[in-house]
There are 2 protein chains.
Amino acid sequence: MVRMADVAREAGVSVMTVSNVVNERLPVNEPTRARVMAAVEALGYEVNLTARHLRAGRTDTVAFIVPSFHDYFGEVSDKIAPLIEAEGRHLVLERTSGCPEHEMAALSVARLQLYDGVLLSVVGLDRDQLDRVRTAKPIVLLGERDVPDRFNHVRLANEEGARLATAHMIEHGSRRIVGLGCTFDTAHMMTSDRRIGWERAHRDAGLDVDARYVVPISTFTSAAGRDALLDVIASGLPFDGVFAVTDVVALGAVAALAESGLRVPTDVQLAGFDNLDMSRFVPPGLTSVDANHEGVAETAVGLLHRQMAGWTGPAEHVVAPVRLVVRGSTRGGA
Amino acid sequence: MVRMADVAREAGVSVMTVSNVVNERLPVNEPTRARVMAAVEALGYEVNLTARHLRAGRTDTVAFIVPSFHDYFGEVSDKIAPLIEAEGRHLVLERTSGCPEHEMAALSVARLQLYDGVLLSVVGLDRDQLDRVRTAKPIVLLGERDVPDRFNHVRLANEEGARLATAHMIEHGSRRIVGLGCTFDTAHMMTSDRRIGWERAHRDAGLDVDARYVVPISTFTSAAGRDALLDVIASGLPFDGVFAVTDVVALGAVAALAESGLRVPTDVQLAGFDNLDMSRFVPPGLTSVDANHEGVAETAVGLLHRQMAGWTGPAEHVVAPVRLVVRGSTRGGA
DNA sequence: ACTCTTTACTTTAACGCTAAAATCCGCTCG
DNA sequence: CGAGCGGATTTTAGCGTTAAAGTAAAGAGT
């Protein structure tokens, strides 16, 4: 490894002069500067970022910590990246597998020191666990869990989104709508908040809420969605609509319906949540709740920047608005 | 920030004793150890990783540097993560947008110092540019570009995969197969290597190769795939098969065909490349070339570990084998 | 009683960088 | 012609950690 000291020796100057040339801080006489640059070139010197980070107490790096790199989080990450880079910082992604231990570890003093700010998608931690986190580091939480007031937090209008999608299918004739991936959890989480919206749409329309139509799944994958819906079909429980908690799960439903010879939207209407890029293209077009990834990314990064710039006011709790994007999988669509 | 020195003062011992307690290096008498631990708890001390990294000359972190966090790379990243973690290291992802400058910057001495090893998905850099990279840091390159011999490199059997998919459609009756997203580039890259396979399948079957069926696209998105195929349809060029360079592009083709009232596979057979999770579920099931992400991840990480462990033998150039996964979008399928 | 270990802990000296203070030197000005 | 100034460069001092060498004291061996 080539150090500044090597360059200094080669150029016959002090280490500080090299530093000043390399960082363009204090002015350096042209002939000296040229000698230093020549030495830099000759030796192939580049600054040691670890040392700079230690000395500066900054890393100019922001981490986005996600449950998985897949699907939804991949898409959001790609929106976040340019916003971080626009401020001259680097973005890195880390993964927690959604498990509470990893999420907690990501928020440990030690890990946080590596970054100037952190965006964390919470899925595993609850309010109490988050409350144990004590740090002044700028953090913005994303996700559908309940979080302590002192954290900046961006979440989606889950209930409203689910209500919109379900109401839309009811309006177009569905009477028995499976809540695929929904749960009756009492804690705030994606699956329960979205179930509440599904439920409210039923009540609003004067329909009863039948718990048999709430079908939990083990993982939010298409495979799990498909399997769960095939089970419903096999059970003989009659249904004419499916609200899937995510588009990935909805894709599994698409497969299950196709395999079972059920036509979308004629026999069964289908709506998802997230409006992934893919959803536009899966025939006949997946009706989905759009939470405006780009807007969520901007809000979250905006809050983070504000905090990194020294803002000390109260934390904000933003609920990102949603809208329903109607496509061919429901009868209002094209 | 709480430093080791603060803990040392609080516990009435030297800094090294704190270090020894925290890292369980040299043995420390139980009463002392207890005092130190109490001080650690009381002050909420955690090690400063930046300082440790500087001191140790290691970061215990591996970076996977990808063009985008989306789709294919998201899926591969999720396979790579556990393999890195199994060796007790952290994995972080960085993004290049596929542009040569960012890829080069990721390979700069400065950035490489932050990691003990780097996996880089190359799409923008050519052999000459890569040849300028001089570093002893363990690096494994992934991707379809041509790379200098001295780098470990894992790529897919692009030509063979494209040939398999195309031959399969020819075998089942297609005679005019669009190479959607293919190009006539002479440099080795995904789009040209896969075109060569498409071409070879034609020759092997004694069919002529008609350049009008090679349809480049601007980006590897479903939107671009859909638009390009709609243009083909609008142009009146007759076709009865589509080989799409990636599954994401193939999904765009699915949409274009559905919108145009062309039935898959009856009117047009369709095959993609990558065998993404989604491809199994998009009706009628997307026939795709599977490159075994998991195997690729294992190979790449294996090479990286070997290099990080000090291996100095010649670099390896692995071509990951592919197989065709036949589904409903071609006539051999279910 | 004196070496020789062993155990427990401390001191020293980096890792590579840079902010801030100090020094050096040529030049202007009273 | 010496004080004073300003620009160029160097020295000093640390960022927080830890490997390695050092010290001090208690116990073992002859």
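Residues that are farther than 18 Å from B:Val118 by Cβ and of a type in the set (Gly, Ala, Ser) within segment B:57-79 comprise just one, B:Gly74. Search segment B:17-37 for residues that are in contact (Cβ under 8 Å) with a residue 24 or more places away in the chain and over 18 Å from B:Ala56 (Cα atoms) and pair each with any residue that is within 12 Å of DNA strand D (Cβ to nearest atom) and among the β-branched types (Val, Ile, Thr) when their beta-carbon atoms are under 7 Å apart and the residues are at least 6 apart or on different chains. Note: pairs meeting the criteria are B:Val36/B:Val7; B:Val36/B:Val13; B:Val36/B:Thr17; B:Val36/B:Val18; B:Val36/B:Val21.
Any residue at all in segment A:87-100 that is of a type outside the set (Phe, Trp, Tyr), more than 8 Å from chain B (Cβ to nearest Cβ) and part of a helix (DSSP H, G or I)? Yes, segment A:87-100 has at least one match. Scanning segment A:203-219 for residues that are surrounded by 20 or more Cβ atoms within 10 Å (Cβ to Cβ) and out of contact with any Phe, Trp or Tyr (no Cβ under 9 Å at 6 or more places or on another chain) turns up A:Val215, A:Ile217.
Against the list (1) assigned to a helix (DSSP H, G or I); (2) within 14 Å of chain A (Cβ to nearest Cβ), the condition B:Phe220 fails is (1). Which of the residues spanning segment A:18-27 are within 11 Å of DNA strand D (Cβ to nearest atom) and modelled with pLDDT of 95 or more? Scanning segment A:18-27 gives A:Val18, A:Ser19, A:Asn20, A:Val21. Note on segment B:223-273: residues that are more than 11 Å from every other protein chain (Cβ to nearest Cβ) and acidic (Asp, Glu) amount to 4. Determine if segment B:55-62 includes at least one residue that is buried (at least 21 other Cβ atoms within 10 Å of the Cβ) and in contact with a strand residue (DSSP E or B) (Cβ under 7 Å, 6 or more places away or on another chain). Looking for residues that are buried (at least 21 other Cβ atoms within 10 Å of the Cβ) and in contact with a strand residue (DSSP E or B) (Cβ under 7 Å, 6 or more places away or on another chain), one finds at least one in segment B:55-62, hence yes.
Within segment B:106-124, does at least one residue satisfy the condition of being away from chain A (no Cβ under 12 Å) and among the hydroxyl-bearing types (Ser, Thr, Tyr)? Walk me through it before giving the result.
Residues of segment B:106-124 that are away from chain A (no Cβ under 12 Å), as a first pass: B:117-124.
Pick out the ones that are also among the hydroxyl-bearing types (Ser, Thr, Tyr) and you get B:121.
Checked against the condition, which is being away from chain A (no Cβ under 12 Å) and among the hydroxyl-bearing types (Ser, Thr, Tyr), segment B:106-124 yields at least one hit.
Check segment B:255-264 and report whether any residue there is surrounded by 24 or more Cβ atoms within 10 Å (Cβ to Cβ), at pLDDT 95 or above and not hydrophobic (A, V, I, L, M, F, W, C). Among the residues of segment B:255-264, not one is surrounded by 24 or more Cβ atoms within 10 Å (Cβ to Cβ), at pLDDT 95 or above and not hydrophobic (A, V, I, L, M, F, W, C), which makes the answer no.
Scanning segment B:144-175 for residues that are part of a loop (DSSP other than H, G, I, E, B) and either surrounded by fewer than 22 Cβ atoms within 10 Å (Cβ to Cβ) or in contact with an Asp or Glu (Cβ under 6 Å, 6 or more places away or on another chain) (or both) turns up B:Glu144, B:Asp146, B:Pro148, B:Asp149, B:Arg150, B:Phe151, B:Ala157, B:His172, B:Gly173, B:Ser174, B:Arg175.
Put simply, of A:Val301, A:Val326, A:Val318, A:Val296 the only residue that is in contact (Cβ under 8 Å) with a residue 60 or more places away in the chain, touching a Leu at 6+ places or on another chain (Cβ under 7 Å) and away from chain B (no Cβ under 14 Å) is A:Val301. Is segment A:43-50 home to any residue that is more than 7 Å from DNA strand D (Cβ to nearest atom), at pLDDT 95 or above, surrounded by 13 or more Cβ atoms within 10 Å (Cβ to Cβ) and more than 14 Å from chain B (Cβ to nearest Cβ)? There is no residue in segment A:43-50 that is more than 7 Å from DNA strand D (Cβ to nearest atom), at pLDDT 95 or above, surrounded by 13 or more Cβ atoms within 10 Å (Cβ to Cβ) and more than 14 Å from chain B (Cβ to nearest Cβ). Residues in segment A:59-100 that are of a type in the set (Lys, Arg) and either outside the structural domain of A:Leu304 (by TED's automatic domain parsing) or under 24 Å from B:Met104 (Cβ atoms) (or both): A:Arg89 alone.
Restricting to segment B:208-217, and then to whatever is in contact (Cβ under 8 Å) with a residue 24 or more places away in the chain and assigned to a loop (DSSP other than H, G, I, E, B), can you tell me which residue is nearest to the other protein chains (Cβ to nearest Cβ)?
So the first thing to find is which residues in segment B:208-217 are in contact (Cβ under 8 Å) with a residue 24 or more places away in the chain, and the list is B:210-217.
With assigned to a loop (DSSP other than H, G, I, E, B) added as a condition, the list becomes B:210, B:216-217.
Details: B:Asp210: 27, B:Pro216: 19, B:Ile217: 14 Å.
Among them, the one singled out is B:Ile217.
In the set (1) part of a helix (DSSP H, G or I); (2) near DNA strand C (Cβ under 8 Å from one of its atoms); (3) within 8 Å of chain B (Cβ to nearest Cβ), the condition left unmet by A:Arg55 is number (3). Criterion applied to B:Val2, B:Val36, B:Val15, B:Val62 was being away from chain A (no Cβ under 11 Å), among the hydrophobic types (A, V, I, L, M, F, W, C) and within 11 Å of DNA strand D (Cβ to nearest atom), and the one residue passing it is B:Val15.
The values are calculated or read from the model by the stated rules, or taken from the named source; none is laboratory data. None of these values were measured; they are calculated from a predicted model. Reconstructed Cβ throughout: ideal geometry from the backbone, glycine too, with neighbour counts over all protein chains shown.
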